[in-house]
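The structure appears right after this line, and notes come after that.
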Amino acid sequence: MALLEISDLRKSYRAPDGSAHEVIRIRRFELGERTQMALSGPSGSGKTTFLHLIAGILTADTGRLTLDGIEMSTLKESERDRLRARSIGYIFQTFNLLQGFSVLENVLLGMSFGVGADRERAVALLQRVGLGDRLHHRPRQLSTGQQQRVAVARALAHRPKLVLADEPTGNLDATNAAEALALIRGACEENGAALLLVSHDPGILARFPERHSLAELNQAGRPEVRS
Ligand code: ADP
Ligand code: MG
């Protein structure tokens, strides 16, 4: 069984006039353990919505989404939150670091809802991403590229089986973006995590041997096809 299995997943949003606007309609999608995959798609094509559905931040209208053998739609909200805290690492485009806490505390907090804070592991991960001498800095005292590396360490801290990355290099220049991507991919591999990354940046997408266009997978807004 694949780490992530999706079938007949649908999500619509309500437009201001009350009409439903279908954003995701995916018949089948699978991601194996320790697999790295990139999904491309222009702005507004549903990339963030798709990752939020996988992470259980949003709930689907219909369909099945099984993560590590657990069918998400059968879970209560609190159980979904717990599954996410245990099994998923999330790297946001804007990093979402807590500004009132140090680099080390940000990583420790990321662990505390899952496996529990492990200071030794947090420090080792921050050393791995090149921030061993920045443990007690606040996020805003770091460069954008360094902040992204904190986010990478935080995403892996609780040993998730799946890392979701939403345009993780969108705020970086080309050199930093290439470095950050290599770091994300290397760190996921070393930690045994699968990686699903979404991006609209051709330079990033080209570095993934396995890449798909979300538009190919996503039938949203198209006529229903029976088969
Ligand atoms: P992407 O990440 O590919 O840019 P999104 O998943 O953010 O795309 O958005 C896909 C579509 O869904 C867009 O048309 C967007 O306007 C719409 N959308 C996203 N979030 C909401 C929301 N909370 N309510 C209504 N529409 C939304
Ligand atoms: Mg997005």
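The values are calculated or read from the model by the stated rules, or taken from the named source; none is laboratory data. Here the structure is a predicted model, which means the values were calculated and not measured. Reconstructed Cβ throughout: ideal geometry from the backbone, glycine too, with neighbour counts over all protein chains shown. Note: accessible area is taken over every heavy atom of the protein model, side chains too, but ligands, DNA and RNA are not part of it. Shrake-Rupley method; radii C 1.70, N 1.55, O 1.52, S 1.80 Å.
Assorted remarks:
- The one condition from (1) touching a helix residue (DSSP H, G or I) at 6+ places or on another chain (Cβ under 6 Å); (2) away from ligand 2 (no atom under 16 Å from the Cβ) that Val123 does not meet is (1).
- From the list Thr66, Thr49, the lone residue that is outside any strand (DSSP E or B), within 18 Å of the chain's Cα centre (by Cα) and surrounded by 16 or more Cβ atoms within 10 Å (Cβ to Cβ) is Thr49.
- When the stretch 150-161 is filtered for residues that are modelled with pLDDT of 95 or more and open to solvent by 40 Å² or more (accessible area, probe 1.4 Å), only Lys161 remains.
- For the stretch 115-134, a residue qualifies if it is open to solvent by 30 Å² or more (accessible area, probe 1.4 Å) and in a loop (DSSP other than H, G, I, E, B), and the qualifying residues are Val115, Ala117, Asp118, Gly130, Gly132, Asp133, Arg134.
- Scan of the stretch 192-206 for residues that are in a loop (DSSP other than H, G, I, E, B), surrounded by fewer than 20 Cβ atoms within 10 Å (Cβ to Cβ) and in contact (Cβ under 8 Å) with a residue 60 or more places away in the chain, ordered by number: Gly192, His200
- Condition check for Glu189: out of contact with any helix residue (DSSP H, G or I) (no Cβ under 9 Å at 6 or more places or on another chain), within 15 Å of ligand 1 (Cβ to nearest atom) and not in a loop (DSSP other than H, G, I, E, B): no
- In the stretch 32-45, the residues that are acidic (Asp, Glu) form no Cβ pair under 9 Å with any partner that is within 10 Å of ligand 1 (Cβ to nearest atom), whether six or more places apart or across chains.
- Pick from the stretch 11-42, criterion charged (D, E, K, R), part of a strand (DSSP E or B) and away from ligand 1 (no atom under 13 Å from the Cβ), ranking: farthest from Gly63 (Cα to Cα): Glu30
- The set of residues from the stretch 81-99 being at pLDDT 90 or above and among the hydroxyl-bearing types (Ser, Thr, Tyr) comprises Ser87, Tyr90.
- Residue in the stretch 84-107 that is nearest to Val152 (Cα to Cα), counting only those that are part of a helix (DSSP H, G or I) and either under 18 Å from the mean Cα position of the chain (by Cα) or free of Cβ contacts under 8 Å to residues at least 24 places away in the same chain (or both): Val107
- Just so you know, in the stretch 135-146 the residues that are part of a loop (DSSP other than H, G, I, E, B) and open to solvent by 30 Å² or more (accessible area, probe 1.4 Å) include one that is nearest to Thr169 (Cα to Cα), and it is Ser143.
- Identity of the residue in the stretch 162-180, surrounded by 24 or more Cβ atoms within 10 Å (Cβ to Cβ) and farther than 17 Å from Ala55 by Cβ, that ends up nearest to ligand 1 (Cβ to nearest atom): Thr169
- For the stretch 214-227, filtering for residues that are under 19 Å from the mean Cα position of the chain (by Cα) and either more than 15 Å from ligand 2 (Cβ to nearest atom) or β-branched (Val, Ile, Thr) (or both) leaves 1.
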